[in-house]
Amino acid sequence: MSMVEEPLYPIAVLIDELKNDDIQLRLNSIRRLSTIARALGEERTRKELIPFLSENNDDDDEVLLAMAEELGVFIPYVGGVEHAHVLLPPLETLCTVEETCVREKAVESLCRIGSQMRETDLVDWFIPLVKRLAAGEWFTARVSACGLFHIASPSAPEMLKTELRSIYSQLCQDDMPMVRRSAATNLGKFSATVESAHLKTDIMSMFEDLTQDDQDSVRLLAVEGCAALGKLLEPQDCVAHILPVIINFSQDKSWRVRYMVANQLYELCEAVGPEPTRMDLVPAYVRLLRDNEAEVRIAAAGKVTKFCRILNPEHSIQHILPCVKELSSDSSQHVRSALASVIMGMAPVLGKDATIEQLLPIFLSLLKDEFPDVRLNIISKLDQVNQVIGIDLLSQSLLPAIVELAEDRHWRVRLAIIEYIPLLASQLGVGFFDDKLGALCMQWLQDKVYSIRDAATNNLKRLAEEFGPEWAMQHIVPQVLEMITNPHYLYRMTILCAISLLAPVMGSEITISKLLPVVINVSKDRVPNIKFNVAKVLQSLIPIVDHSVVEKTIRPCLVELSEDPDVDVRFFANQALQSVDHVMMSS
């Protein structure tokens, strides 16, 4: 092929591939657009490639989605920001297709391009595009238009700004609910670009239209707008305009709207300030905590600690705590679980006395809940309560419940308890640990579930690190070594694992005198799985003990195992012997 014809080649291939019946070929071609554009050069990309893409109405959504994404980063390939406007026509077409994800990606790409365009180009090219989409006959164009106003508005001259606000207001009253939904979703972003003088007039008028919409799907999106607008308005305007809407929404006939209020209420409290929160929003929040729909109660319960932080402790105890007590025995396990995940955070807010009198009984009832997730959520946050009420009270009231959970029939609950034992141990101290929790740690080594036994061995290592080798030598090592004679080979394997984890913490002396003899003894076990685990443990002990011990004790044992009838035992023994040789050579 001659040099003159070569640049024609990429676009010819692209055209062929984009007309191919195989969707994968078409997709690959679109994903290579940047490579093709580089081959064509900036001018030919503008004059040939982009017009071709504008005319190419592929009917496959996957191809269109890929195109919408690629065009968003195409500014460098068309000659920089001064030529960015040439990318608008194909994206405008994509904004009108039926598939939602394609339209959303096209809007995202248009926003990315628009945010880089020069002000004059925005006025000449971008704003007319927004107006065309907003006046589109098909609802999909109008839905897409709503997401572009926040890019178009800031650089528009005053007359155009007024026109854009007027168009947006019409979109808020559109006949199609999908358009009104899009207008509600994007109102916050558009409002952030509008001057404060027009916020209280034009924007609040649009907002009121949306809050009174007959479709709950529009109203619930307007709730999100409440929080966004609340941050833009002065507190007094927020109280005058936003607060009444929120109070109405908290009693809306649609539970989905009430659910959104429960999720957003905390942010609104920050916007309106403490006094209106106490007077108006607390009663609304209490209503949501007692809502007849479980989903609403879940959302409200999850915000209970955040809400209490805004109020003073007296108000929390007076208004919120009675609802919390009711929720702790709610008929829905998911409500109780949502409450359990945040309730411990109320302890620092309410202080010591209120926690002991009011919250402790609730913690205890949730710790004994029949649903495992509720119990786990309480256990995972115990440290927050310990900081407030101290260890003595915590151990008297909550530890019996923890001991009960340590023997729970659900293995995941037992696992969660094991994972929190080192944390509890560090908080409770060594004396308390020996009395209450020591026996449990040994019991877990003989659990029926492997994950529990595995976690128990790691737990022993972390405890040895926490309390030191001397304590471990007295309280852990003797009990662990006794279990090596267990008739079941799986439990003997667990002990080998525990020895390999404890050895680095215990140090060379204790490893040689106490741990190594036990491992050597077990190498004569009749079960091959035990024997090859002995080889692995011996390999892990090589860096810990002296070279003389390696030669006199470890090597002979491994040589014996390397002649075992079982192929796996021989493999791991030889692997360990290689480690021995490597250490000896390097030393």
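Of note:
- Extending 7 Å from the Cα toward the beta-carbon at both Asp214 and Val123 defines two label points whose distance is 4.3 nm.
- Summing +1 for each Lys or Arg and -1 for each Asp or Glu among the other residues whose beta-carbon sits under 14 angstrom from that of Gly507 gives -2.
- Ranking by accessible area, most exposed first, for Cys269, Cys497 with a 1.4 Å probe: Cys497, Cys269
- Sequentially through region 506-514, phi angles give Karplus couplings (6.51, -1.76, 1.60; θ = phi - 60°) of 6, x, 5, 4, 5, 4, 5, 7, 10 Hz, Gly and Pro residues having no value and appearing as x.
- Unsatisfied cross-links (Cα-Cα over 18 Å) in the set Lys19/Lys105; Lys325/Lys368; Lys161/Lys189: Lys19/Lys105
- Euclidean distance of C-alpha centroids, region 429-506 and region 562-583, integer Å: 27
- Neighbour cut-off at most 16 other Cβ (10 Å), DSSP loop, trypsin sites (Lys or Arg not before Pro), region 93-141: Arg118
- Unit charges at the beta carbon, dipole of the chain: most positive-side option, Val97, Ala222, Phe467: Phe467
- Values of log10 I(q)/I(0), in the order q = 0.16, 0.18, 0.22 Å⁻¹, for region 129-231 under a Debye, Cα-only, solvent-free model: -0.59, -0.76, -1.15
- Projecting the Cα atoms of Thr355, Pro128, Ala300 onto the charge dipole of the chain (Cβ charges, centred on the Cα centre) puts Thr355 farthest toward the positive pole.
- Of the trypsin sites (Lys or Arg not before Pro) found in region 196-304, those in coil by DSSP whose Cβ has at most 12 other Cβ atoms within 10 Å are Lys253.
- The chain, accessible area per residue, ligands and nucleic acids excluded (1.4 Å, Å²): 45
- Think of region 480-587 as having a plus end and a minus end, set by charges on the Cβ of Lys, Arg, Asp and Glu; of Ala503, Pro517, Leu481, Leu481 sits farthest toward the positive end of this dipole.
- Within the accessible area of the chain (1.4 Å probe), percent carbon and sulfur: 51
- Computed from the C-alpha gyration tensor, the three semi-axes of the ellipsoid equivalent to region 235-309 are 19, 14, 9 Å, from longest to shortest.
- For Arg309, the solvent-accessible surface with a 1.4 Å probe is about 150 Å², rounded to the nearest 10.
- Region 125-208: chymotrypsin sites (Phe, Trp or Tyr not before Pro) in DSSP loop, at most 12 other beta carbons within 10 Å: Trp138
- Euclidean distance between Cα centres, region 31-108 to region 280-333, Å: 50
- The chain: radius of gyration over Cα atoms, expressed as a fraction of 2.2 N^0.38 Å: 1.39
- For region 185-195, 3J(HN,Hα) per residue [Karplus equation, 6.51 cos²θ - 1.76 cosθ + 1.60, θ = phi - 60°, Hz, x = Gly/Pro]: 4, 9, 4, x, 5, 5, 4, 5, 9, 9, 5
- Relative contact order (percent, whole number), the chain, Cα cutoff 8 Å, 6+ residue spacing: 5
- Compared with the direct C-alpha span, the chain from Met176 to His547 gains 125.3 nm at full extension, assuming 0.36 nm per residue.
- Taking the Cα centre of the chain as reference, the dipole from Cβ charges on Lys and Arg (+1) and Asp and Glu (-1) amounts to some 1580 debye.
- The value of relative contact order for region 24-173, using C-alpha pairs under 8 Å at least six residues apart, is 19 percent.
- Helical content of the chain, expressed as a calculated mean residue ellipticity at 222 nm, amounts to -19000 deg cm²/dmol (DSSP H runs of 4 or more residues, -39,500 (n - 2.57) each, divided by residue number, nearest 500).
The values are calculated or read from the model by the stated rules, or taken from the named source; none is laboratory data. Because the structure is predicted, anything quoted here is derived from the model rather than measured. Ideal geometry is used to build each Cβ from the backbone, glycine not excepted, and the neighbour counts take in all protein chains shown. Just the protein is used for accessible areas: all its heavy atoms, side chains included, with ligands, DNA and RNA removed. Shrake-Rupley method; radii C 1.70, N 1.55, O 1.52, S 1.80 Å.
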